[in-house]
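I have placed the structure first, in the form of structure tokens, so that the comments after it can refer back to it.
Bear in mind these aren't lab numbers, they're just calculated from the coordinates by the rules spelled out. Just so you know, these numbers come straight off a predicted model, no measurement behind them. Note: ideal-geometry Cβ built from the backbone for every residue, glycine included; neighbour counts use all protein chains shown.
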Amino acid sequence: MPISKTLCYSILLILTTSCSKNDTTTTTTSSTTTVTTNNTVPAVYNKIYGATSITNDGTYITIKTKDLPDHKSAYYATSNALYEAYTGTTFGGFTFQKNPNSILEQSGTIKIPVNPKVDPAHTATPLGPIGIALNGVLFFNQYAGPSQPLTNEIVSFDKYYGHPQQSGMYHYHVEPLYLTTTKTTKSGLLGFLLDGFPVYGPQEEDGTLVTNSMLDVYHGHTHKTMDYSSGIYHYHFTAEAPYLNGNGFYGTPGTISQ
Ligand SMILES: [Zn+2]
Ligand SMILES: [Zn+2]
């Protein structure tokens, strides 16, 4: 018995050694420098199914998007298969009134930190893109322009609560209804803001409707979610202004370039 046990361990040792040699992705370029060349993208980011590409350099997740919604919209050109005339109601029960803009393909590159960190400065969110939804569509904040509330723009949200601005950039300021009703649920992961913290729908997993009073001034809070078993700070969409983000990013924001 002792002999066969020793033999067994020896074989295991050989197998383990050869395995780790074959699987290594680390290149040692000198006695002091080690370069890791093959960072995998954490599974949670692969939920962004509408991205053109998603890569990880170890510091930032880089997401490229054309910002084209994968659902029907009255804002697509009539020649587009996803064009659909719409005369119903939209967010807040208002009757839809189309704005003069049309959806145009964008080329956005978004960099979000792989390890999101709280930023005591809580930088104000800019006008324009502040994050990305799972379908590759951009998130905007609660303003129509500098210090202008969305009040007069809400009627121009299409049946899935998005609309394009002057340069054809389609975006959501409020709950992306196609995602919460077709692709996931009211409590599902919907995307990320530029600081890397995730965005969830207007309900918790137990069905509780999230209200602003349950969230901090940045419009989020911390607890476990389906995607983060040890808990994470996350934003929620709510039915009331500011809808997605309040007084700035909770964490240090990454960048977006077009
Ligand atoms: Zn808008
Ligand atoms: Zn929550």
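Could you please rank H234, H221, placing first whichever residue has the fewest other Cβ atoms within 10 Å of its Cβ?
H221, H234
Just flag the GluC sites (Glu not before Pro) in segment 113-207 sitting in loop per DSSP whose Cβ has no more than 15 other Cβ atoms within 10 Å.
For GluC sites (Glu not before Pro) across segment 113-207 that sit outside H, G, I, E and B with at most 15 neighbouring Cβ atoms in 10 Å, the list reads E205.
Tell me the relative contact order for segment 126-258 as a rounded percent, counting alpha carbon contacts under 8 Å between residues six or more apart.
Taking the mean separation of contacting Cα pairs over the length of segment 126-258, I get 22 percent.
Per the Kirkwood definition applied to all pairs of different Cα atoms, how many angstroms is the hydrodynamic radius of segment 33-180?
16.7 Å
Through the Karplus equation 6.51 cos²θ - 1.76 cosθ + 1.60, θ set to phi - 60°, convert the phi angles of segment 136-143 into ³J(HN,Hα) values in whole Hz; use x for Gly and Pro.
x, 7, 7, 9, 10, 7, 8, 10
Quick one: which residues, 5+ away or cross-chain, put their amide H under 5 Å from the amide H of T52? H built at 1.01 Å from N.
Here the answer is K64, T65, K66, since their amide H atoms fall under 5 Å of that of T52.
How big is the dipole moment of segment 35-179 about its Cα centre under a simple scheme where the beta carbon of each Lys and Arg is +1, that of each Asp and Glu is -1, and everything else is neutral? Debye, nearest 20, please.
120 debye
Less than 11 Å Cβ to Cβ from E84, Lys/Arg counted +1 and Asp/Glu -1: what total charge do the surrounding residues give?
+1
Return the lysines within reach of K98: Cα separation strictly under 27 angstrom, same-chain partners fewer than 8 residues apart disregarded; answer none if there are no such residues.
Reachable lysines: K66, K72, K159, K183, K186.
Along each principal axis of its Cα atoms, how long is the chain end to end? Whole angstroms, biggest number first, please.
So the extents along the principal axes, rounded to whole Å, are 82, 43, 37.
Please list, ordered by chain and number, the residues whose modelled amide H lies under 5 Å from the amide H of Y60; skip anything fewer than 5 residues away on the same chain.
Residues meeting the criterion, in which the H sits 1.01 Å from N, are V114.
With unit charges on the beta carbons (Lys and Arg positive, Asp and Glu negative) and the dipole taken about the Cα centre of the chain, which residue among F197, S73, V41 sits farthest to the positive side?
It is V41, whose Cα lies furthest towards the positive end.
Whole-Hz Karplus ³J(HN,Hα) for segment 96-107, in order, using 6.51 cos²θ - 1.76 cosθ + 1.60 and θ = phi - 60°, x for Gly and Pro?
With the stated coefficients, segment 96-107 comes to 4, 10, 5, 8, x, 8, 10, 5, 10, 4, 10, 9 Hz.
Find the relative contact order for the chain and round it to a whole percent, using C-alpha pairs within less than 8 Å whose residues are 6+ positions apart.
Relative CO of the chain lands at 18 percent.
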